[in-house]
Amino acid sequence: MSSLFDEVVPRPLAETLRPQSLSEVIGQDHILGPDGPIGRMVKSKKASSFILWGPPGVGKTTIARLVAREIGLDFVQLSAVLSGVADLRKVVDAAKQLRSGAGRQTVVFVDELHRFNRTTQDALLPHVEDGTIVLIGATTENPSFSLVAALLSRAKVYTLKRFEKPDLAVLAERAEAHAGRKLPLDADARDTLLTMADGDGRYLIGLCEELLALPSAVVLDVAGLVETVQKRAPVYDKGQEEHYNLLSCFHKSLRGSDVQAALYWAARMVVGGESPATIFRRLACAASEDVGMADPQAMPQVIAAWTAFERVGWPEGRLFMAQAITYVATAPKSNASYMGFNQAIAIAQQTGSLAPPKHILNAPTKLMKELGYHEGYRYDHDYPDAFSGQEFMPDELAGSNRPEFYQPNERGFERDIKKRLEFWARNKANRSQSDD
């Protein structure tokens, strides 16, 4: 009588197709090739701790296993999501016994290493330091932000690349060879399949497994493929490094007046599920920091588009977002206001509480009038062009010491502002001479 234990549980295709040697690993020749750091390590048969940083589905676990196998070390795998200090202690104790008894070293592979809290990461340090274990960590997040500095000083970081289409095509061919038949796709659908994978080999093999289960007589076009398999969402963690990376790309494209790139990075964020408010906040910052007075309408345009978006929502709201993006990206640029205010803050911090000139202070009391408050104040509207040319800076910052914080350039509306400032400066000088 057979039981459930007698049945063979089928293995996922991704596990079945996992490379059996480092030479079978694709897309990572820069670290695995003869001149790559891991390639040299394996050739020397001397392992040292390292961190594999890269997107999902590019072979981090496979590389860790094969490095241990080809050097001849014991391999233990932990998941930082499921394991803690107690699990780590058991693994380290076993590694110590193996080292003292058989003289063998253990590779401890920690998947999603960034998920370990600081205390657990610190617990790894002495055992990595004394060689009890060789640590191989895998992370999808920037190690500079997610791992403690002491751990980074003891382990090299190697960056893995996302798979390009030629790499993914090799994986698809391996899936077909294993199944003994071609994927049921026409040429365009096959290309779309590789695009759908978005650089993730494991995800691609999962799609291939799903498609190879279809009847052999079926041949799908692009529409049929999309209907058959669910398109994945792009890799985008709104709370982590990718969020800030794409925001940086977006803002720098706006600043660089590259409207095509600005639209693309905004679209990437939208497709990834980013909050529209985040995109509009960045647009508002760029409208002030990078456009400024070169086009004072940039800020009202962004705020109007933001308000309209909040009232209308998706999908029509993309109209307002697109208009705001194209306006800011194509507007003339100037950071003169922003830089001027930064300089003013620096001077204010250096000079402390300088007394303002008394003539621009109000005198609501008799004592203040007796002290000279408001005496000699010139009402600007009593003068031609509504400009008196009076000094408003503290005495210490007047005359030859007067700083010029805001210095408009010749771009956009600031060209007119520059002419106004030059006009007022001439009038002020002339009136100072006539007063003398």
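The values are calculated or read from the model by the stated rules, or taken from the named source; none is laboratory data. Keep in mind that this is a model prediction, so the values were computed, not measured. With ideal geometry, Cβ positions are generated from the backbone for all residues, glycine too; neighbour counts draw on all protein chains shown. For accessibility, only protein heavy atoms count, side chains too; no ligands or nucleic acids. Shrake-Rupley method; radii C 1.70, N 1.55, O 1.52, S 1.80 Å.
Might you let me know whether the stretch 354-361 holds any residue that is under 23 Å from Gln297 (Cα atoms) and not polar (S, T, N, Q)? Taking every residue of the stretch 354-361 in turn, none turns out to be under 23 Å from Gln297 (Cα atoms) and not polar (S, T, N, Q). Scanning the stretch 312-350 for residues that are over 25 Å from Glu414 (Cα atoms), among the small types (Gly, Ala, Ser) and under 25 Å from the mean Cα position of the chain (by Cα) yields Gly317, Ala322. The criterion of at least 2 residues that are open to solvent by 20 Å² or more (accessible area, probe 1.4 Å) and in contact with a Phe, Trp or Tyr (Cβ under 6 Å, 6 or more places away or on another chain) is met by none of the helices (runs of 4 or more DSSP H) falling completely within the stretch 1-105.
Taking every residue in the stretch 337-348 that is assigned by the TED database to the domain that holds Met299 and pairing it with any residue that is of a type in the set (Lys, Arg) and exposed (fewer than 14 other Cβ atoms within 10 Å of the Cβ), at least 6 positions away or on another chain, yields no pair with a Cβ-Cβ distance below 7 Å.
Every residue, every condition in (1) modelled with pLDDT of 90 or more; (2) in contact with a helix residue (DSSP H, G or I) (Cβ under 9 Å, 6 or more places away or on another chain); (3) in a helix (DSSP H, G or I), yes or no:
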site: Phe109; (1), (2), (3): yes, yes, no
site: His114; (1), (2), (3): no, yes, yes
site: Thr119; (1), (2), (3): no, yes, yes
site: Asp122; (1), (2), (3): no, yes, yes
site: His127; (1), (2), (3): yes, yes, yes
site: Gly131; (1), (2), (3): no, yes, no
site: Ile136; (1), (2), (3): yes, yes, no
site: Glu141; (1), (2), (3): no, yes, no
site: Ser144; (1), (2), (3): no, yes, yes
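Out of curiosity, is Val312 in the same structural domain as Ala294 (by the TED database), modelled with pLDDT under 90 and among the β-branched types (Val, Ile, Thr)? So Val312 fits the description; yes. Every condition in (1) under 54 Å from the mean Cα position of the chain (by Cα); (2) on the phi > 0 side of the Ramachandran plot; (3) not polar (S, T, N, Q) holds for Gly376 except the one numbered (1).
Of the candidates Leu88, Leu32, Leu66, the single residue that is touching a helix residue (DSSP H, G or I) at 6+ places or on another chain (Cβ under 7 Å) and closer than 24 Å to Gly206 by Cα is Leu66.
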